[in-house]
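The values are calculated or read from the model by the stated rules, or taken from the named source; none is laboratory data. Remember, predicted model here, so these are calculated numbers, not experimental data. A quick note on method: Cβ atoms are made from the backbone with ideal geometry, for glycine too, and the neighbour counts reach across all protein chains shown.
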Amino acid sequence: MQKVYPLHMTSSDAGTRADRLASEIGDAILAGQFKPGERLDEQRLAETYEVSRTPVREALRRLASSGLIELRPRRGAVVTEITPESLNSLFVAMAEIEATCARLAAISMSPIERRRLGALHEEMGECATKGARAAYTEANHRFHTMLYAGAHNPVLEEFALQLRRRLEHFRRAQFRAPRRLVQSHAEHEDVVRAILAGDAPRAHSAMLHHVTLVEIALEKVTSALPKTKRARR
């Protein structure tokens, strides 16, 4: 296994520590530092990331819900092999669900919701210009979940959130691609303009296009990984 640099935790609550740890381990999996089929030992992870085993267990549960690992009887946590076909299926589903959310948001968002969406979009523009990847990534999560809520359909919102959790690590990895922050914000611009104008068909089309480009950006990132870091059987 490639060396993973320690995650320096603060004294924040256990849930936040587990979330941050899950992000670190998830990124390591996508970078090929953990191989498909490899068992993730709790004690070893705790030593590597300089934390106790409690947040490690919770982080592994979060990763299992995303599909990056499996929790198997008597074997514990095992890295899942993600095939291009399965990943493509997830992105196709995500694109359709998010496009529907955008279409309904264009129809259903209240004036104050639209103002908040516009303000967040402006904030993200500043992050993109500065190259502030961490801040943009966090704001991007808020942007998309704002659209789920703006659809005003609790069933659809729940489906969107569940699928987003499955793809969260992959969607975050896209921002390692050159100029991806600026490109992502430009794609959001088309979505936001359509929603603020109440143009439901255009909002649907713009979001479909955006999620398709997210998948393409992810492919560029993963294809650029050094061969020595790629998972092997």
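Can you confirm whether region 109-119 contains a residue that is under 25 Å from Met146 (Cα atoms) and among the β-branched types (Val, Ile, Thr)?
Of all residues in region 109-119, those under 25 Å from Met146 (Cα atoms) come to 109-119.
Imposing the further condition that a residue be among the β-branched types (Val, Ile, Thr) reduces the set to 112.
For region 109-119, residues under 25 Å from Met146 (Cα atoms) and among the β-branched types (Val, Ile, Thr): present.
Looking across region 150-206 at every residue that is in contact (Cβ under 8 Å) with a residue 12 or more places away in the chain and among the acidic types (Asp, Glu), the one that is farthest from Ile25 (Cα to Cα) is identified as Asp199. Kindly evaluate Ala119 against the criterion of being more than 21 Å from Gly67 (Cα to Cα) and buried (at least 19 other Cβ atoms within 10 Å of the Cβ). In short, no. Being under 15 Å from Met146 (Cα atoms) and either in contact (Cβ under 8 Å) with a residue 60 or more places away in the chain or in contact with a strand residue (DSSP E or B) (Cβ under 6 Å, 6 or more places away or on another chain) (or both) is the filter here, so list the residues in region 88-108 that pass it. Hits for region 88-108 are Ile97, Glu98, Ala99, Thr100, Cys101, Ala102, Arg103, Leu104, Ala105, Ala106, Ile107. Among the residues of region 17-44, those identified as loosely packed, with under 15 Cβ neighbours inside 10 Å and part of a helix (DSSP H, G or I) are Gln43, Arg44.
Being among the hydrophobic types (A, V, I, L, M, F, W, C), touching a Gly at 6+ places or on another chain (Cβ under 9 Å), in the same structural domain as Gly125 (by TED's automatic domain parsing) and modelled with pLDDT of 95 or more is a property that Leu181 has.
Against the condition surrounded by 18 or more Cβ atoms within 10 Å (Cβ to Cβ), under 17 Å from the mean Cα position of the chain (by Cα) and either part of a helix (DSSP H, G or I) or among the polar types (S, T, N, Q) (or both), how does Ala64 come out, does it pass? Can you show your working first?
Working: surrounded by 18 or more Cβ atoms within 10 Å (Cβ to Cβ): no; under 17 Å from the mean Cα position of the chain (by Cα): yes; either part of a helix (DSSP H, G or I) or among the polar types (S, T, N, Q) (or both): yes.
It is false that Ala64 is surrounded by 18 or more Cβ atoms within 10 Å (Cβ to Cβ), under 17 Å from the mean Cα position of the chain (by Cα) and either part of a helix (DSSP H, G or I) or among the polar types (S, T, N, Q) (or both).
Do we have any residue at all in region 103-112 that's at pLDDT 90 or above, hydroxyl-bearing (Ser, Thr, Tyr) and over 20 Å from Arg17 (Cα atoms)? Taking every residue of region 103-112 in turn, at least one turns out to be at pLDDT 90 or above, hydroxyl-bearing (Ser, Thr, Tyr) and over 20 Å from Arg17 (Cα atoms). With respect to the conditions (1) out of contact with any strand residue (DSSP E or B) (no Cβ under 8 Å at 6 or more places or on another chain); (2) assigned by TED's automatic domain parsing to the domain that holds Ile29; (3) free of Cβ contacts under 8 Å to residues at least 12 places away in the same chain, Arg62 lacks only one, and its number is (3).
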